[in-house]
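Below: one structure, written as structure tokens.
The values are calculated or read from the model by the stated rules, or taken from the named source; none is laboratory data. None of the values given here were measured: they were computed from a predicted structure. Because the Cβ atoms are built from the backbone with ideal geometry, glycine has one as well, and the counts that use them run over all protein chains shown. All accessible areas refer to the heavy atoms of the entire protein, side chains included, with ligands and DNA or RNA removed. Shrake-Rupley method; radii C 1.70, N 1.55, O 1.52, S 1.80 Å.
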Amino acid sequence: MAVQVPRRLRRGARGRARSLASLAEALLTPHGMDRYLELLDPMLVRREIRGVVTAVRRQTADTVTLTVRPSRAWRGFSAGQYVRVSVDIDGVRRTRCYSPTCSEHGGQLELTVKAQENGLVSGHLHRHAAPGMVLGLSQPAGEFTLPAPRPRRVLLISGGSGITPVLSMLRTLVDEGHRGEVVFLHYANTAADVLYGAELTELAQRHPGLRVVLAYTHERGGDLHGFFEPAQLREVAPWYREAQTYLCGPLPLLDSVRATFGSEGLSEQLHTEEFTPPPVPADGAAHGQVRFTHSGREIANSGKPLLEQAEDAGLRPEHGCRMGICFSCTKVKTSGCVRNARTGELSPEDNVEIQLCISVPVGDVEINA
Amino acid sequence: MTGLQDRLTPEQVEAFGREMDELRQRIVADLGKEDVDYIQNLIRTQRALEVVGRGLLFAGFFPPAWIAGVGALSLSKILDNMEIGHNVMHGQYDWTRIPELSSQRFEWDTLAPAENWRHSHNYVHHTYTNVLDKDRDIGYGILRMDEGQKWHPYYLGNPVYATLLAIFFQWGVMLHDLEVEKVLKGERKVSELKEVRARILRKAGRQLGKDYLLFPALTGPLAPLTFLGNATANLTRNLWAFAIIFCGHFPADVESFTEEETENETRGQWYLRQILGSANIEGGKLFHILSGNLSHQIEHHLFPDIPARRYPEIAGEVRAICAKYGLPYHAGPLRKQLASVAKKIVKLALPGGRSEPSPEPEPATVKRERELTAA
Ligand code: FES
């Protein structure tokens, strides 16, 4: 261990650093320190979180695995949570959520991204990720986490790229020297699609309490064959009724596992995480619900611009020109898709700013107003 | 004076509006990385100028260093306010979804808080451009800048007020948001302005603190020189911004409108009003950048949310469309526009105005149309 610095001295130094930082902020008003530091090096930012890619590998043909070192504002995450990752593509900052696959212990992040068909961000990362690339990161979020103290028996089920948050849980448990029983049940199309196959096998060899079960849905040769069936549970984890189960994967897998646990009255012990891709808007008549989260109002989408719909719902959102020029009506759309009435452009992404007066909801939409 | 409504026939206005919409659409579809790189490079240049300028003032005892420092800092403030701040806060880069370029989050290096200005400028001025009694930028509640403003002996001081406004422009912009004249007229209650005032106090405190307390204090014995240097940089920016803005709106031929004229305006009529109510300043590339491309005031007023670097590229087309519809396109070099504004400021100090309508020929297009129907 390094030399112990007396408490008081340490606090004094930290206090000095803090007052220096606030002096710098005052001198650099109105833009703030980060806007200057990033010009020297994007990773120097103090308030925002960025991550620099330090290593890239491609485990399967359509995935890319990145090792990322976060900047100083990163405060760590809990296994199972996700972070928002941003990259600039053609001048536009795009943001997607990814669950780190690494253990929550250790300052690095590991992200595995599957290139989705027509996936803007995943495709970009798959093609262009290289060491040195700088990503925007958020603090972690999400409730899909292991409880403390850790359960003695843990069943982790995943399908396809849904492996990411549960692998993080597994690696965390291993790092913590978990003494109980863990079963890791993973569904993949074929052996070639299994992410982290070699590491999983190796982990299972080293840890007697861990059993890794690979199920292939499209070919034989795995520990199991075919899609999820309740009987498989009894086979791989006969104690699953006394365990906590964590599940992440495509919707059909989620549905069938949920149904099984539901019918046995075990829903409380099943924890799930869904990755829903941005909805593909259907054209035609107005449908869906518009929710204004700040005020808690909700109305049926009438197909009018959101500003009018908000007013119809009895709200008085700030606005000016009502024609898209003044930006007074800008609010954050937390989920759903809107069409820009002036350009026809769709924005299906979550957490983007939109102008209420020229945005028409396409299906369900949630606005922070 | 020709009313707004009889400029073009309703069909013409509509066709004209459509052409403008199409032009806009084409640029919007073309926006991309180059536009972002442009503004980010400009931001980098501005930050570098600022750091260099502030740094040089630490050697302010050496006159060339002081002068260079003030120069760099003035340029930095001009870029920050004009091509960066003004344009970013218009939402020109909101499509990038980059938080630092978001109209809602940007804050600029001047006394007026962004939040207040977004209301008074983006909304009030850009929606009601040159509509008397609605556009508070006509004379800023201080000057008589339009013949439609009723004369009062107070306006004898017009040239003096204009000079003072030019010198203290950032203060003027800041106080403008308080809408004092509306309070005096009883149209607004003082209590309604609590938030605006609180924001002003907060922002102005920080701005004044850094320019007139912290930086001078840090330079120790040079404090008076640094103070003076910062004041000079602010002054330079003030005079420049005043000149550019006044030349964009108040040269002789620019028109103003009444509320009745602009009631139930269509999009085409709105575009039309923007053209008649603005004027361009001719100049080189650097001049356009330093003016925040407000030298392309006409294009800016037509498309306030399109990145300003695109204005020069579409100016020719806008001009051609104006020619096609027989509309004026006010433009001239800075010298000429400044002289025209100065003349107006002096002339309007004295009584006179709309009571004596100047005989003006009927607009060409309408006449041609009538002749056509007659034929
Ligand atoms: S109200 Fe002006 S942009 Fe929406």
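Residue check: A:Arg14 meets all listed conditions (1) more than 29 Å from A:Ala130 (Cβ to Cβ); (2) of a type in the set (Lys, Arg); (3) within 14 Å of chain B (Cβ to nearest Cβ) but one, namely (3).
The set of residues in the stretch A:295-306 being within 11 Å of the ligand (Cβ to nearest atom) and part of a loop (DSSP other than H, G, I, E, B) consists of A:Pro305 alone. Scanning the stretch B:157-180 for residues that are at pLDDT 95 or above and not in a helix (DSSP H, G or I) turns up just one, B:Phe168. Hey, could you check the stretch B:115-134 for residues that are facing chain A (nearest Cβ under 8 Å) and touching an Asp or Glu at 6+ places or on another chain (Cβ under 8 Å) and say which is most open to solvent (accessible area, probe 1.4 Å)? Looking at residues that are facing chain A (nearest Cβ under 8 Å) and touching an Asp or Glu at 6+ places or on another chain (Cβ under 8 Å), I get B:His119. The residue that is nearest to the ligand (Cβ to nearest atom), among those in the stretch B:89-105 that are at the interface with chain A (Cβ under 9 Å from one of its Cβ atoms) and within 26 Å of B:Lys134 (Cβ to Cβ), is B:Gly91.
What pairs come up if the first residue lies in the stretch A:213-227 and is among the hydrophobic types (A, V, I, L, M, F, W, C), the second is open to solvent by 20 Å² or more (accessible area, probe 1.4 Å) and in a strand (DSSP E or B), and their beta carbons are under 9 Å apart, counting only those six or more places apart or on different chains? Final answer for the pair search is A:Ala215/A:His225; A:Leu224/A:Leu214; A:Leu224/A:Tyr216.
Return a yes/no flag: does the stretch A:121-139 have any residue that is more than 14 Å from chain B (Cβ to nearest Cβ), assigned to a strand (DSSP E or B) and not charged (D, E, K, R). It would help to see each step written out before you state the result.
Initial filter on the stretch A:121-139 (more than 14 Å from chain B (Cβ to nearest Cβ)): A:122-123, A:125-127, A:129-133, A:139.
Next, only the ones that are assigned to a strand (DSSP E or B) stay: none.
The answer is no; no qualifying residue exists.
Restricting the stretch A:331-353 to residues that are surrounded by 21 or more Cβ atoms within 10 Å (Cβ to Cβ) and within 27 Å of B:Ser120 (Cα to Cα), which is nearest to the other protein chains (Cβ to nearest Cβ)? Among those residues, the one meeting the criterion is A:Lys331. Restricting attention to the stretch A:205-220, the residues that are in contact with a helix residue (DSSP H, G or I) (Cβ under 6 Å, 6 or more places away or on another chain) and either at pLDDT below 95 or over 19 Å from A:Ala191 (Cα atoms) (or both) total 1. The criterion of being more than 11 Å from the ligand (Cβ to nearest atom), acidic (Asp, Glu) and over 29 Å from B:Arg18 (Cβ atoms) holds for A:Glu349. For the stretch B:343-356, a residue qualifies if it is in contact (Cβ under 8 Å) with a residue 60 or more places away in the chain and either within 18 Å of B:Glu282 (Cβ to Cβ) or basic (Lys, Arg) (or both), and the qualifying residues are B:Lys343, B:Lys344, B:Arg354. Inspect all residues belonging to the stretch B:264-286 and state whether any of them is free of Cβ contacts under 8 Å to residues at least 40 places away in the same chain, within 28 Å of B:Pro63 (Cα to Cα) and open to solvent by 10 Å² or more (accessible area, probe 1.4 Å). Scanning the stretch B:264-286, I find at least one residue that is free of Cβ contacts under 8 Å to residues at least 40 places away in the same chain, within 28 Å of B:Pro63 (Cα to Cα) and open to solvent by 10 Å² or more (accessible area, probe 1.4 Å), so the answer is yes. A single entry from A:Ala21, A:Ala17, A:Ala26 fulfils the requirement of being among the aliphatic types (A, V, I, L, M), in contact (Cβ under 8 Å) with a residue 24 or more places away in the chain and under 28 Å from B:Pro216 (Cβ atoms): A:Ala21. For A:Val87, work out the one condition from (1) within 26 Å of A:Leu156 (Cβ to Cβ); (2) within 16 Å of the chain's Cα centre (by Cα) it doesn't fulfil. Among (1) within 26 Å of A:Leu156 (Cβ to Cβ); (2) within 16 Å of the chain's Cα centre (by Cα), the lone unmet condition for A:Val87 is (1).
Quick grid of which residues meet (1) in contact (Cβ under 8 Å) with a residue 12 or more places away in the chain; (2) touching a Ser or Thr at 6+ places or on another chain (Cβ under 7 Å); (3) within 14 Å of chain B (Cβ to nearest Cβ); (4) farther than 21 Å from A:Asp175 by Cβ:
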site: A:Leu40; (1), (2), (3), (4): no, no, yes, yes
site: A:Arg47; (1), (2), (3), (4): yes, no, yes, yes
site: A:Ser71; (1), (2), (3), (4): yes, no, no, yes
site: A:Gln81; (1), (2), (3), (4): yes, yes, no, no
site: A:Asp90; (1), (2), (3), (4): no, no, yes, yes
site: A:Arg94; (1), (2), (3), (4): yes, yes, yes, yes
site: A:Cys102; (1), (2), (3), (4): yes, yes, no, no
site: A:Gly107; (1), (2), (3), (4): yes, no, no, no
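So that you can scan it fast, the table gives a plain yes or no per residue for (1) among the β-branched types (Val, Ile, Thr); (2) within 15 Å of the ligand (Cβ to nearest atom):
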site: A:Glu308; (1), (2): no, yes
site: A:Gly314; (1), (2): no, no
site: A:Gly324; (1), (2): no, yes
site: A:Phe327; (1), (2): no, yes
site: A:Val360; (1), (2): yes, yes
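Filtered by the rule that a residue be away from every other protein chain (no Cβ under 11 Å) and either more than 10 Å from B:Phe303 (Cβ to Cβ) or not in a helix (DSSP H, G or I) (or both), the stretch B:13-25 gives B:Val13, B:Glu14, B:Ala15, B:Phe16, B:Gly17, B:Arg18, B:Glu19, B:Glu22.
Filtering A:Ala300, A:Ala341, A:Ala313 for residues that are over 30 Å from B:Lys134 (Cβ atoms) and touching a strand residue (DSSP E or B) at 6+ places or on another chain (Cβ under 7 Å) leaves a single hit, A:Ala300.
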